[in-house]
Amino acid sequence: MILNRRLLVSILIPTLLITIGRTLGDAFIPLYARELGASMAMAALVSSLFFLGQSAADLPAGWLVHRFGEKRNMAGGGILMAMAIALRIAATDMVLFTSSVILFGIGTSLIWISQMSWLKKEIGGRERGHAMSMVGGSYRLARILGPLAGGFLAEKFGYRVLFAVQGFFCLSAVFVILFAIPHTPKSEGSYTRSLESAAARWKSDRTTILAAAMGIAGLVVLKASRDILIPLWGGELGLSEGRIGIVMFTGAAVDAALFWISGIIMTRSGRKTAAIASTTGLALALALLPLARSFPALILLSALAGLGNAMGAGINLTISSDLAPGKSPVAFMSIWRFLMGFAGFGGPALAALMIGIAGNVAAPPVVAATGFIGALLMSFFMNDTGRH
């Protein structure tokens, strides 16, 4: 597929700016929560509220995209993210800080639903995989740059400077959306019709959809927990923000260098195989986390997690797009995103619960086992969507 201007301006540039803004601070949210006086369990729970905000906004976001069009909702999402960063800079207690995390998740949801709706309408099925890989590539580039730069900024200049730089990237994305993206019309038909289309798709293949949702939910649990448990573990080892940034950079670099593996696995063995391989790698990395007692050991486990993530690059977007109805897909994708948002919240929340009950060592293997259960359900009950 030739990279056209519409895809570049409408999706790739805003995605890169927003994701750099997000990944600058993602790894350091639990560490800043610790500075504000939160326990390790509370810090993990605060980080998970990002996914709760996403999930709460996913269903209304679908209606808003259908009602007002993709461009307005992308811009609105970017503005909410910038407002969340402003609140984060002003926060001196956990109430304001947690509110900023939730608001940031709401803004992210608006942008994601808008982008996926645009891709589903504008990019054909044969070319969609290439478009998704470009979106995934921009996300991976941001994951390389974000933690490394974020660790440097937090260590040298403090967290408020780090948050201010996050806000700059979010506002830059809003500027691109407002002035460079052409107006997108409202979706045809009523949102009720989109819901009916989603219901019909569910009835036509409910076993595969449910199994796919369980498998991807398990993978989302692992991904969300990785971005919280690894930095927290580094903090418990006494590593500086700069070194924790290097740990997260290593995992992201391995992920970015090897994400093409996912395409090979999906082409030769199917979507399901890619999802199960990715889950296995991430689960193993988290299960071994209690054994990491040094900076080099944590780097190795972060690299293993990066390899696991690379094997499933773009798998969530690809499977959800495969399963979504061809006409009026917004409602289906909103519901899917709503469920995955709860999975993203559930992983760190489970980790926080286990830390509170049994201590730091118990959380990573329990989360790993939970994610792997989803892979087993997918393995037994899902028909590969690549043949759909």
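The values are calculated or read from the model by the stated rules, or taken from the named source; none is laboratory data. Just so it is clear, the model here is predicted, and its values are computed rather than measured. All Cβ positions, glycine included, derive from the backbone under ideal geometry; neighbour counts span all protein chains shown.
Being closer than 30 Å to Ala199 by Cβ and of a type outside the set (S, T, N, Q) narrows it down to one residue among Asp322, Asp255; which is it?
Every option except Asp322 fails the conditions.
Tell me, which residue of region 329-367 that is outside any helix (DSSP H, G or I) and surrounded by fewer than 24 Cβ atoms within 10 Å (Cβ to Cβ) is farthest from the chain's Cα centre (by Cα)?
Ranking the candidates gives Gly359 first.
Would you confirm whether or not region 222-239 contains a residue that is surrounded by 22 or more Cβ atoms within 10 Å (Cβ to Cβ), in contact with a His (Cβ under 9 Å, 6 or more places away or on another chain) and either among the hydroxyl-bearing types (Ser, Thr, Tyr) or at positive phi (or both)?
No, region 222-239 has no match at all.
Determine the pairs where a residue that is over 12 Å from Leu298 (Cα atoms), located within region 227-246, has a partner that is assigned to a loop (DSSP other than H, G, I, E, B) with Cβ atoms under 7 Å apart, the partner being 6 or more residues away or on another chain.
Qualifying pairs under 7 Å: Asp227/Ala27; Glu241/Phe28.
For region 191-206, name all the residues that are at pLDDT 80 or above, crowded, with 16+ Cβ neighbours inside 10 Å and polar (S, T, N, Q).
Passing the criteria: only Ser197.
Examine region 277-284 for a residue that is among the hydroxyl-bearing types (Ser, Thr, Tyr), surrounded by fewer than 20 Cβ atoms within 10 Å (Cβ to Cβ), in contact with a Gly (Cβ under 8 Å, 6 or more places away or on another chain) and modelled with pLDDT of 90 or more, and state whether such a residue exists. Don't jump to the end; show me each part of the working.
Just the residues of region 277-284 that are among the hydroxyl-bearing types (Ser, Thr, Tyr), to begin with: 278-280.
Add one more test, that the residue is surrounded by fewer than 20 Cβ atoms within 10 Å (Cβ to Cβ), and what stays is 280.
Filter once more, so that each one left must be in contact with a Gly (Cβ under 8 Å, 6 or more places away or on another chain): 280.
After this cut, where a residue has to be modelled with pLDDT of 90 or more as well, the list is 280.
Within region 277-284 (the criterion being among the hydroxyl-bearing types (Ser, Thr, Tyr), surrounded by fewer than 20 Cβ atoms within 10 Å (Cβ to Cβ), in contact with a Gly (Cβ under 8 Å, 6 or more places away or on another chain) and modelled with pLDDT of 90 or more), the answer is yes, since at least one residue qualifies.
Would you call Ser320 within 25 Å of Trp112 (Cβ to Cβ), in contact with a Gly (Cβ under 8 Å, 6 or more places away or on another chain), of a type in the set (Gly, Ala, Ser) and crowded, with 18+ Cβ neighbours inside 10 Å? Spell out how you get there, then give the answer.
Numbers: within 25 Å of Trp112 (Cβ to Cβ): yes; in contact with a Gly (Cβ under 8 Å, 6 or more places away or on another chain): no; of a type in the set (Gly, Ala, Ser): yes; crowded, with 18+ Cβ neighbours inside 10 Å: yes.
The answer is no for Ser320.
Do we have any residue at all in region 33-54 that's at pLDDT 85 or above, more than 13 Å from the chain's Cα centre (by Cα) and within 21 Å of Phe168 (Cα to Cα)?
no
I'm trying to understand the selection: among the residues of region 75-122, which are over 15 Å from the mean Cα position of the chain (by Cα), under 24 Å from Thr318 (Cβ atoms) and either of a type in the set (Val, Ile, Thr) or surrounded by fewer than 24 Cβ atoms within 10 Å (Cβ to Cβ) (or both)?
Trp118, Leu119, Lys120, Lys121, Glu122
Can you give me the number of residues within region 192-207 that are more than 14 Å from Gly62 (Cβ to Cβ), among the hydroxyl-bearing types (Ser, Thr, Tyr) and without any contact (Cβ under 8 Å) to a residue 60 or more places away in the chain?
Qualifying residue count, region 192-207: 1.
Residue-wise test of (1) touching a helix residue (DSSP H, G or I) at 6+ places or on another chain (Cβ under 7 Å); (2) within 25 Å of Ala41 (Cβ to Cβ).
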residue: Leu289; (1), (2): yes, yes
residue: Ser294; (1), (2): no, yes
residue: Ser302; (1), (2): yes, yes
residue: Ile319; (1), (2): yes, no
residue: Ala324; (1), (2): yes, no
residue: Ser334; (1), (2): yes, no
residue: Phe338; (1), (2): yes, no
residue: Phe345; (1), (2): yes, yes
